[in-house]
């Protein structure tokens, strides 16, 4: 079994369905928790890791919403994107298609345009530093209706040559 694990770890892989908002590294999230909530009970990676052992779907959703509040600045999105891609490269991912949802963070984040710009900055820096091609796919989300989808497409239009 160890030989098979070694082969799988070392084989080149292509990741075709990755959501950047879920691919953050725990080290990165812990640094944001310490930055934004210095008195948080989450002091180490082991405690944080337990937060992401989901008991059920409701716990998954609560944890998702909880972690979103630590993505507050453009730098947070840029850095999270960069570190997520770096972590994937360490798993021998040689090409990546990644979804991202700049509208999921409107309550805490800097706004969709700033998130788009920052995500592109992180992606492009990672491509340069790690030699991995990354295609970004904006998740327009079908359950918000066609008017919302059209408005989001308008926001994405200036980036049409940089986002799939």
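Per-residue ellipticity at 222 nm for the chain, helices alone: DSSP H runs ≥ 4 residues times -39500 (n - 2.57), over residue total, nearest 500 deg cm²/dmol?
Estimated from H runs of four or more residues: -16500 deg cm²/dmol.
For each of 36, 157, count neighbouring Cβ atoms within 10 Å of the residue's Cβ, then give the residues from fewest to most.
157, 36
Give the order of 141, 134 when sorted by the count of other beta carbons within 10 angstrom, beginning with the fewest. Could the numbers behind the result be given before it?
Working: 141 13, 134 22.
By the 10 Å Cβ count, ascending, the order reads 141, 134.
Would you mind calculating the relative contact order of the chain from Cα pairs under 8 angstrom and at least 6 residues apart, reporting the percent as a whole number?
Here the relative contact order equals 26 percent.
Among (i) 51, 39, 30; (ii) 47, 41, 32; (iii) 47, 38, 23, only one was calculated for this model; which label is it, if the read-out is Cα extents along the principal axes in Å?
Of the labelled values, this structure produces (i).
Round to the nearest 0.05 the FRET efficiency obtained for residue 160 and residue 61 when R0 = 35 Å and r is the Cβ-Cβ distance. Numbers along the way, then the final one.
Values: r = 32 Å, r/R0 = 0.91.
Approximately 0.65, to the nearest 0.05.
Report, for the chain, the % of DSSP beta bridges that are antiparallel, rounded to 5.
Roughly 0 percent of the beta bridges in the chain run antiparallel, per DSSP.
Which one, 22, 109, 122, has the greatest fluctuation when you compute a Gaussian network model over the chain with C-alpha springs under 10 angstrom?
Among 22, 109, 122, the largest GNM mean-square fluctuation belongs to 22.
Please give the length that would be gained between residue 31 and residue 1 if that part of the chain were fully extended, namely 0.36 nm times their separation in residues minus their C-alpha to C-alpha distance (nm, one decimal).
Contour length minus Cα-Cα distance gives 7.3 nm.
In nanometres, what is the gap between the two model label sites at residue 90 and residue 129, each 7 Å from Cα along Cα-to-Cβ?
It works out to 1.2 nm between the two label points.
Give the order of 132, 116, 85 when sorted by the count of other beta carbons within 10 angstrom, beginning with the fewest. Walk me through the numbers on the way to the answer.
On the way: 132 18, 116 23, 85 26.
Fewest-to-most ranking of 132, 116, 85: 132, 116, 85.
Laboratory data are not the source of any read-out in this text; all were calculated from the coordinates shown. Everything quoted here is computed from the prediction, not taken from an experiment. No Cβ is skipped: glycine too gets one built from the backbone with ideal geometry, and neighbour counts run over all protein chains shown.
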